[in-house]
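The values are calculated or read from the model by the stated rules, or taken from the named source; none is laboratory data. Just so we're clear, the structure is a prediction, and the values are computed from it rather than from any experiment. Don't worry about glycine lacking a Cβ; one is built from the backbone with ideal geometry, like all the others, and counts go over all protein chains shown. When the accessible area is computed, the model is the full protein with side chains, heavy atoms only, and any ligands, DNA or RNA have been set aside. Shrake-Rupley method; radii C 1.70, N 1.55, O 1.52, S 1.80 Å.
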Amino acid sequence: MSPDPHIPHIPSGERFTVARGTLLLDRLMTLVIKFGGWLVMLAVFAIFAFIFVQILPLFGKPSVKAVGQVAVPVEDVVVMGVDEWGELPFFLSRSGELHFADLPRDLTTRTYGRVGAQDSMKLEIGPRGLFAVDTDLPEKTWTAFYYDAYTGEIALGSADGRIALLKINYRTEFLEDRSRRVVVAVESELLPPLSVSEAPIREIAFYDSSTNRSIAFLQEVDGQTKVTLQTYTVRSSLFGAATLVADKQINLDTAITDEKPERLLIGGRGDRILVTTEGGWLYYLSLRGDQLERVQKLRPFAEKSDPSIFSIDWLLGKQSLILTSESGANVTLASYLDADAGQILYTRIKDFSQLEGGGATDFSAAQRNRGFLLANEGQLSLRYSTTGEIRWEVTTDYQPKNIALGPRWDSIFAYDTDERLHVYALDDPHPNAGWKAFFGKIWYEGKSAPEFEWQSSSGTSDFEPKLSIVNLFFGSIKGTLYAMLFAMPIAVLAAIYVSQYLRPEAKRYIKPAMEIMASLPSVVLGFLAALWLAPLIEDRVPSVLLMLITIPLSAALLGYFWGRLPQTIRNFIRPGSEWLVIIPVILVVGYIAWQLGPTLEALVFRVYDPDIGAKVGNFRQWWVETTGGSFEQRNSLVVGLMMGFAVIPIIFTISEDALTNVPPYLTSASLALGASRWQTTWRVILPTASPGIFSATIIGFGRAVGETMILLMATGNTPIMEWNIFNGMRTLAANIAVELPEAPQFSTLYRTLFLGAMALFLLTFFLNTVAEITRQHLREKYKTI
């Protein structure tokens, strides 16, 4: 039966029913998308948590626990030291006897044996017990001692004016039962008489190296204080045998006036003599040829009521001095090169909290870092010179007499007046870390003022690490800003032209080409920047500057005059194809500017050349003389140009999409009301697309901040804090790439690199947050357009 044409057709409700399979698929995909989103968020927070766990120990406090004590009955101990395993400490008495205490440790747990229960505080002496080692020294009363824990050498001065040297060499050996023990070998040397007087030696200082040796000693002769310096040199025979021979002997009395000498130290390469005198004065003398010259006289505790110097000792490396006063004041003096004086001087760089019990009666310097241990009557204090922090301090129920830091920075030994040895376990893996070390200005050794500095390693074991990430953060911002300064105007203006003025036929090729540019490997761009661009523009900076000025100016002038040409002339070029005129003009102007660069240099950037006795054009030298800054081949200009080239595609693509997606009715309405194409672009399209353009800029900024290879290859990787466009920088990302392969796992450097990664993480998170907030604000502001 055919349907009645007069009866309206009513569609069946089934046609609007969605198939069950479609609904299930939709629900499944919704769940998958939600699950994927949660996984992304979880991954971000997991990365954050992992990095946070890695950097958290950098800000922890040290742990020092009392391990136990053991009786060591050695009379009149004057020097105490310990091997790197902490199992065979030695005790040198005033009579010259050398004793060792056998304190074996378990190889696996690194714990000492105990007498009785495991929680007993009484340590067990090993099978060798307390034993003496023959030093082959004559029986004398020794009155002066100097111990260098880093080399294991001891200098002794006797009551009859003689000097002897001891060297303690530790090593390990394995027995037949596969157990390990620490053994010792002692070398001794009694030097020929160095003084014409047999008066007791009251103070002695010693320096020894593979090329020379210096010994300074102080005697009281006929009521007068006599200070003598004896130097030695190494001479090789015709057969290559090296022999240490006496070189010269110098009386220091003539270099010291007014005050009575009290203590001595030798530093540098055996050519720096430091003498403290009555009244708290410190004299710094320099050995130059056969003469001693007074270089500096200073009073470290001049502001104290009692300015006398109670103790003075070297830190590791013998570049810094640790001094205490009678009242317990504690300061650090360090050497630096004074630019005005043209020589090494000493200055006060750190002030520590005062010791409660007065000046330090004993001192022990760490052998791996700038830490040191002080002791006085009833107090032990562990301090760190680089950061100026007190790492640990305790008031003891005994009176420490001699102290020693474990060479591995893992133990503390204190010998008291009751002939008991107290042992502490030290757990302080990151003493040179902390907020101040990473983010504050620190006065390092060798520097004339506090500064931010990054230098994680050196060729010597006594190097002081410098781990400020402030200059790395500065380098990241500097490189990014120079790149954005070059990339942002080009990318945004190109996006405006392509989206609003370029013909669709050309746009189909140009936009994909720009997107392909974004896929260029950064290592290739860095390679080109380092080996092609940097040498190319090194001597043609005026040409580059002229191009940066003339190309935009010529393009703007061309556009201005093009708009005022008669319509009959402009009709020769189809609308949207103006680039056919612009590009040849830009290429010609760029070529002319490049060729005129040397002429501009010769006319404007003139400096005096002493070789020819006249002024010549030399931009590089002109920049150095005019600004005082440096000029490096691989600099921020190279980075800005090449990294800007890498960022342009990202900003262009997102900005062009934002501009293209502006609703057509807004453009049509503006043009219908009589606005020109440019007025429409400036007042309607740009405000409407501003959230997208801002997002593009922030994404490009984040891309530049995280860039590694271009910055790694195109800069000098020098962590400096200067805005100078003609020197380099080191960024957080490049620093991680450079340092991580050399960073031991879980070391301070290793964790500090994770701190740099956290700084990058937080920076990008902050930028993305600001971008989103600003984008929403702009969207609300211009939604009514």
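Okay, here's what the table says:
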quantity	calculated
Set SER93, SER158, SER179, SER188: member being modelled with pLDDT under 90 and among the polar types (S, T, N, Q)	SER179
Residue, farthest from PHE474 (Cα to Cα), within region 741-771, restricted to residues that are touching a residue at least 40 places away in the same chain (Cβ under 8 Å) and open to solvent by 80 Å² or more (accessible area, probe 1.4 Å)	PHE746
Single condition LEU686 does not satisfy, out of (1) outside any helix (DSSP H, G or I); (2) touching a helix residue (DSSP H, G or I) at 6+ places or on another chain (Cβ under 8 Å)	(1)
Check on PRO73, within 30 Å of ILE204 (Cα to Cα), open to solvent by 50 Å² or more (accessible area, probe 1.4 Å) and modelled with pLDDT of 90 or more	yes
Positions within region 236-252 being modelled with pLDDT under 80 and either part of a strand (DSSP E or B) or over 42 Å from the mean Cα position of the chain (by Cα) (or both), in sequence order	SER236, SER237, LEU238, PHE239, GLY240, ALA241, ALA242, THR243, LEU244
Some residue of region 720-733 being modelled with pLDDT of 90 or more, assigned to a helix (DSSP H, G or I) and surrounded by 18 or more Cβ atoms within 10 Å (Cβ to Cβ)	yes
Region 303-332: number of residues that are under 19 Å from GLU203 (Cβ atoms), open to solvent by less than 50 Å² (accessible area, probe 1.4 Å) and not in a loop (DSSP other than H, G, I, E, B)	10
Residue in region 601-622 that is nearest to PRO552 (Cα to Cα), counting only those that are open to solvent by less than 50 Å² (accessible area, probe 1.4 Å), touching a residue at least 24 places away in the same chain (Cβ under 8 Å) and assigned to a helix (DSSP H, G or I)	GLU601
Subset of region 581-600 that is farther than 24 Å from ARG570 by Cα and among the aliphatic types (A, V, I, L, M) - its residue that is least open to solvent (accessible area, probe 1.4 Å)	ALA593
Members of region 674-719 that are open to solvent by less than 10 Å² (accessible area, probe 1.4 Å) and β-branched (Val, Ile, Thr)	THR680, THR681, ILE685, VAL705, ILE710, THR715
Residue match in region 639-646 (condition: modelled with pLDDT of 85 or more and open to solvent by 60 Å² or more (accessible area, probe 1.4 Å))	yes
Which listed residue, of LEU39, LEU58, LEU103, LEU31, is of a type in the set (A, V, I, L, M), modelled with pLDDT of 90 or more and touching a strand residue (DSSP E or B) at 6+ places or on another chain (Cβ under 8 Å)	LEU103
Of the criteria (1) over 30 Å from TYR444 (Cα atoms); (2) in contact with a Pro (Cβ under 7 Å, 6 or more places away or on another chain); (3) at pLDDT 90 or above, which one ALA518 fails	(3)
Single residue of region 141-155 satisfying the filter (within 16 Å of ASP76 (Cβ to Cβ) and open to solvent by less than 30 Å² (accessible area, probe 1.4 Å)) that is modelled with the lowest pLDDT	TRP142
Criterion (touching a strand residue (DSSP E or B) at 6+ places or on another chain (Cβ under 9 Å) and touching a residue at least 40 places away in the same chain (Cβ under 8 Å)) met by exactly one of LEU316, LEU285	LEU316
Any hit, region 348-362, residues being crowded, with 20+ Cβ neighbours inside 10 Å, in contact (Cβ under 8 Å) with a residue 60 or more places away in the chain and either touching a His at 6+ places or on another chain (Cβ under 8 Å) or within 29 Å of ASP258 (Cβ to Cβ) (or both)	yes
Filter pass, GLY459 being over 30 Å from GLU377 (Cβ atoms) and either crowded, with 22+ Cβ neighbours inside 10 Å or modelled with pLDDT of 95 or more (or both)	no
Check on SER655, under 27 Å from ALA518 (Cα atoms), in a helix (DSSP H, G or I) and touching a residue at least 12 places away in the same chain (Cβ under 8 Å)	yes
Any hit, region 24-47, residues being touching a residue at least 12 places away in the same chain (Cβ under 8 Å) and either exposed (fewer than 13 other Cβ atoms within 10 Å of the Cβ) or over 30 Å from PHE145 (Cβ atoms) (or both)	yes
Residue match in region 422-439 (condition: among the hydroxyl-bearing types (Ser, Thr, Tyr) and under 22 Å from ASP76 (Cβ atoms))	no
Identity of the residue in region 366-391, open to solvent by 20 Å² or more (accessible area, probe 1.4 Å) and assigned to a strand (DSSP E or B), that ends up farthest from LEU285 (Cα to Cα)	ARG391
Qualifying positions in region 583-600 - at pLDDT below 90 and within 9 Å of PRO542 (Cβ to Cβ)	none
From ILE469, ILE477, residue being closer than 29 Å to ASP657 by Cα and either at pLDDT below 90 or of a type in the set (A, V, I, L, M) (or both)	ILE477
Residue list for region 205-227, filter: under 20 Å from ILE312 (Cα atoms) and hydroxyl-bearing (Ser, Thr, Tyr)	TYR207, SER214, THR225
Candidates THR172, THR151 - the one that is in contact (Cβ under 8 Å) with a residue 40 or more places away in the chain, of a type in the set (Val, Ile, Thr) and either touching a helix residue (DSSP H, G or I) at 6+ places or on another chain (Cβ under 9 Å) or not in a strand (DSSP E or B) (or both)	THR151
Qualifying residue in region 421-434 (condition: charged (D, E, K, R), in a loop (DSSP other than H, G, I, E, B) and under 30 Å from GLY700 (Cα atoms))	no
Which listed residue is under 25 Å from ASP134 (Cβ atoms), within 40 Å of the chain's Cα centre (by Cα) and surrounded by 13 or more Cβ atoms within 10 Å (Cβ to Cβ), from LEU166, LEU229, LEU194	LEU166
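Yes/no matrix, rows are residues, columns are (1) in contact with a Ser or Thr (Cβ under 8 Å, 6 or more places away or on another chain); (2) among the β-branched types (Val, Ile, Thr); (3) open to solvent by 50 Å² or more (accessible area, probe 1.4 Å):
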{"residue": "VAL182", "(1), (2), (3)": "yes, yes, no"}
{"residue": "LEU190", "(1), (2), (3)": "no, no, yes"}
{"residue": "ALA199", "(1), (2), (3)": "no, no, no"}
{"residue": "ARG202", "(1), (2), (3)": "yes, no, yes"}
{"residue": "PHE206", "(1), (2), (3)": "yes, no, no"}
{"residue": "ARG213", "(1), (2), (3)": "yes, no, no"}
{"residue": "LEU218", "(1), (2), (3)": "yes, no, no"}
{"residue": "VAL245", "(1), (2), (3)": "yes, yes, no"}
